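*Asks:* Have a look at this one before I ask anything.
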Number of protein chains: 2
Amino acid sequence: MNALSTSQLPVGFQASGSTCGIKVSGKPDLALFVSDRDATAAGVFTTNKVCGAPVIVSKQRVPSTVARAVIINSGNSNAATGEPGIQDAKRMTLALAEQLGCDTKSVCVCSTGVIGVPLPMPLILNGIPHGIQSLGTSDKHFLEAATAMMTTDTFPKLTSMDVAVAGGTVRVSGACKGAAMIAPNMATMLSVMMTDAQLTPAQCDSALRFGVDRTFNCISVDGHMSTSDTVLLLANGAVGGSLTDADFAKVREAIQQVCQKLATDIIRDAEGADHFITIDVTGMETREAAYRMAQEIADSALVKTAIAGGDPNWGRIVSAAGYAHVDFDTAFVSLHINGTEVYRAGIPVPFDAAALSKQLKTNRDVHLQLAVSGGPCSGNESVRFWTSDLTQEYVRLNSEYTT
Amino acid sequence: MNALSTSQLPVGFQASGSTCGIKVSGKPDLALFVSDRDATAAGVFTTNKVCGAPVIVSKQRVPSTVARAVIINSGNSNAATGEPGIQDAKRMTLALAEQLGCDTKSVCVCSTGVIGVPLPMPLILNGIPHGIQSLGTSDKHFLEAATAMMTTDTFPKLTSMDVAVAGGTVRVSGACKGAAMIAPNMATMLSVMMTDAQLTPAQCDSALRFGVDRTFNCISVDGHMSTSDTVLLLANGAVGGSLTDADFAKVREAIQQVCQKLATDIIRDAEGADHFITIDVTGMETREAAYRMAQEIADSALVKTAIAGGDPNWGRIVSAAGYAHVDFDTAFVSLHINGTEVYRAGIPVPFDAAALSKQLKTNRDVHLQLAVSGGPCSGNESVRFWTSDLTQEYVRLNSEYTT
């Protein structure tokens, strides 16, 4: 399994990024991903009750064995737009399907950007032919598509990985966008994953959920679950034929790796953030308990501001885990910050606070390890979670963003 | 039922605020509240698994029918200090009990301030005699006690209310501290409530829980549940004899009113906040569903930054309610911001955004009303919740606070 130095599309996939004029900045705002043959597809969507029209439409179209394309616009989320918004989302898929010569049901749709404003449909409909003309298979085309998905992102997010299986070398590729309104289940994030491996509908769905649960659902910038989150996986079977169980395991692992690279890129691009924080909670009886503790640490404004200030304020970290509704006993808890033990068996450990503070101030990466080693709710399950710090710049950006 | 212009103690209660030297600033840091006779007492405490030693000790002492005093120090929370911390908390209560001539079990203890540092016991033990000498019944004594509870608070928080009952006029008084690490269940907040009404242990407990559920558990500054939160109610029965059911209802109402004044004072004093936000969620089938929706709105960093910036960004508000795990239908949801309808039946309502933005920028008070008028999970229950906005100043304060 090898990461590629430039991100390239799997066999049989094309992509394009173009400008249809939704963004007043004139930046690219229309991305297309197209398979030249029917693909197996699965999707994972926001669980927000206030979800965007494209989520409602795309949800009806996966799982699928006849998926052909994904159309994505940035600059407008088509969320909170009522029944007219749903009709607009359907019209986007119909227009693309007609021009590709496939069924409407073979097209999924995603939109990201401002909430509650009707889509400028003439711009989108006029833009689709140009998007189709711009399709191509090169790494440049893939990069342009990922770029056209961006909103407040400061860099495009895409990655690819090759996997040797019995029938040849298959590729898993993915692009995503997201930089704020990021929370588990999921974020204002969209991702399209593609592979030329052949997956059954059940394999497609289980591999996607396995990967998303451990990556996109383990990141948080600000704990605000968006209305638009969507991750789609299209597997067109262009390479290698049907997979052995061992080869499927390899492909599933590659899908998780690609998801993880994209998810952590979102955290690296978190709005206004100075630190990239990895949180490991280990030694719990269930993955869910470890997850809740990690999530409370990740979402605590006091933990995030402490790290922004380079302050090894372990009390905020331990106390955040304490309100995760997990019945652990502090007498079995220890905490390391960047490898330095600061708390053991429920009491503080003397440490060089000035040195640790300096280390926090001069390194972007922070590692928090909360370990439980016995007592109620303890066991062998662990979770890794990623988040960013909370800076004055985050507040400035989100105070000044105009609706 | 009348609010008093200055906050005064109920009959039979004394208070003092003094300086024992925990705070390097030299500000008052030791508060005593003493009843001259045995009082019925109840308590509500943080549910954080990482709770302070004083919480562990005080929890064992309520409910009580022989409560006599509460000792509070600020500047050090005696949290995450292990078994030695518990011994220190017990020693504080023992020292006060001996000098008051009552049983140790009659004294509750609270501490607030930095986490994970052993209490400077010699300072506290030396300070107790002076605290006792300073006890008095005047409004000045009550104010000094409330002042000695403060940490990052910018003003002392105390209030009193008189209630006419069959046997005379009883008084309900309360003091609290808190300005950050504020979340439901509860906050880095301590409160002592006192009344000279006669309450049975069951009445004392139910009245306190009723009041706290609707006030201290309906505020959030930053969603971080503290290790130290404690609300105590002492009822010494000095006035009026046993209460009729109707009179108990009046006293319970007064307790809720006093709790509400103190809880909203915490939000008015929220660290770095520019806005005081009242959130009403109405029309739900259960109070719990309404509560979860209000809490998600209150805790959303994106809602709080939008209001800090004077931005009527209703999409953030509605989408925060959307991830509260309540199965409502947006087609029945409306939202008003400061009386202006911005969202109705699941779609945006045109409004004068510039005028509303100007109003938000020039008024400290903000009122968000999310109303559900039908569909799944709808009904007649409602919840009022209070929070503050999230400003760059909040981040600055909490980044620079040193452990």
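*Asks:* Note down the magnitude of the dipole of the protein assembly as shown about its Cα centre, charges +1 on Lys and Arg C-beta and -1 on Asp and Glu C-beta and zero elsewhere, to the nearest 20 debye.
*Replies:* The calculation lands at about 260 debye.
*Asks:* GNM on chain B, C-alpha springs below 10 Å: top fluctuator among B:GLN260, B:GLN359, B:GLN392?
*Replies:* For chain B, modelled as a Gaussian network with Cα springs under 10 Å, the answer is B:GLN392.
*Asks:* For a label point 7 Å from the Cα of B:GLN133 along Cα→C-beta, name the residues of region B:82-118 whose backbone N is under 19 Å from it.
*Replies:* B:95-101, by backbone N distance to the label point.
*Asks:* Further question: Restricting to Cα pairs below 8 Å that are 6+ residues apart, what does the relative contact order work out to for chain A? Please round to a whole percent. Before the final figure, lay out each step's value.
*Replies:* Values: 1074 pairs, mean separation 69.5, N = 403.
Dividing the mean separation by the residue count of chain A yields 17 percent.
*Asks:* Using only Cα atoms, tell me the angle between helix A:201-213 and the longest principal axis of chain A; keep it within 0 to 90° and round to the nearest 10.
*Replies:* Long axis of A:201-213 versus the principal axis of chain A: about 40 degrees.
*Asks:* Taking a ≥ b ≥ c as the square roots of the eigenvalues of the Cα gyration tensor of region B:235-323, is the shape rounded (a/c under 1.5), prolate (a/b larger than b/c) or oblate? Mind dumping the intermediate values first?
*Replies:* On the way: a/c = 4.29, a/b = 1.96, b/c = 2.19.
Judged from the Cα gyration tensor, region B:235-323 comes out oblate (a/c at least 1.5, b/c at or above a/b).
*Asks:* I've got another one for you. Across peptide B:50-62, what mean number of C-beta atoms from other chains lies inside 10 Å of a residue's C-beta?
*Replies:* Counting Cβ atoms of other protein chains within 10 Å of each residue's Cβ and averaging gives 1.
*Asks:* What's the angle, to the nearest 10 degrees (0 to 90), between helix B:353-362's Cα axis and the longest principal axis of chain B?
*Replies:* Tilt of helix B:353-362: around 20 degrees.
*Asks:* Here is a follow-up. Which entries in A:LYS59/A:LYS90; A:LYS140/A:LYS177; B:LYS49/B:LYS261; B:LYS27/B:LYS177; A:LYS304/B:LYS304; A:LYS49/B:LYS361 show an alpha-carbon gap greater than 19 Å?
*Replies:* Result: B:LYS49/B:LYS261; A:LYS49/B:LYS361 exceed 19 Å.
*Asks:* Using a 10 angstrom cutoff on alpha carbons, build the Gaussian network for chain A and name the most mobile of A:GLN87, A:GLN369, A:GLN198.
*Replies:* A:GLN87
*Asks:* Can you find, among B:GLN60, B:PHE33, B:MET150, the residue farthest towards the positive end of the dipole of region B:2-268? Put +1 on the C-beta of Lys and Arg, -1 on that of Asp and Glu.
*Replies:* Farthest towards the positive pole: B:MET150.
*Asks:* Which is farthest toward the positive dipole end of region A:241-397 among A:VAL372, A:ASN313, A:SER334, measuring Cα position about the Cα centre, with Cβ charges +1 (Lys, Arg) and -1 (Asp, Glu)?
*Replies:* A:ASN313
*Asks:* Moving to a separate point now. Nearest 20 debye, what's the magnitude of the dipole of region B:2-268 about its Cα centre given +1 on Lys and Arg Cβ and -1 on Asp and Glu Cβ?
*Replies:* Roughly 240 debye for region B:2-268.
*Asks:* Dipole of region A:2-268 (Lys/Arg Cβ +1, Asp/Glu Cβ -1, origin at the Cα centre): which of A:THR93, A:ALA249, A:GLY116 lies farthest to the positive side?
*Replies:* About the Cα centre, the residue reaching furthest to the positive side is A:GLY116.
*Asks:* Also, I was wondering about something else. So how do A:HIS275, B:HIS130 line up by other beta-carbon neighbours within 10 Å, fewest first?
*Replies:* B:HIS130, A:HIS275
*Asks:* Could you check the simple spin-label distance between A:ALA164 and A:LYS358, using points 7 Å along Cα→Cβ, in nm with one decimal?
*Replies:* 4.8 nm
*Asks:* Going by the alpha-carbon gyration tensor, a ≥ b ≥ c the square roots of its eigenvalues, is region A:276-399 rounded (a/c under 1.5) or, if a/c is not under 1.5, prolate (a/b greater than b/c) versus oblate?
*Replies:* Oblate is the answer for region A:276-399, as a/c is 1.5 or above yet b/c matches or exceeds a/b.
*Asks:* How far apart, in nanometres, would the label points at A:GLU98 and B:ARG344 be if each is projected 7 angstrom from Cα along the Cα-to-Cβ direction?
*Replies:* In this crude label model, A:GLU98 to B:ARG344 measures out at 3.5 nm.
*Asks:* Compute the acute angle (0 to 90°) between the alpha-carbon long axis of helix B:82-100 and the principal axis of greatest extent of the alpha-carbon atoms of chain B; round to the nearest 10°.
*Replies:* It is inclined by approximately 60 degrees.
Laboratory data are not the source of any read-out in this text; all were calculated from the coordinates shown. All values derive from a computational prediction rather than experimental measurement. Heads up, the Cβs are rebuilt from the backbone with ideal geometry, glycines too, and the neighbour counts pull from every protein chain shown.
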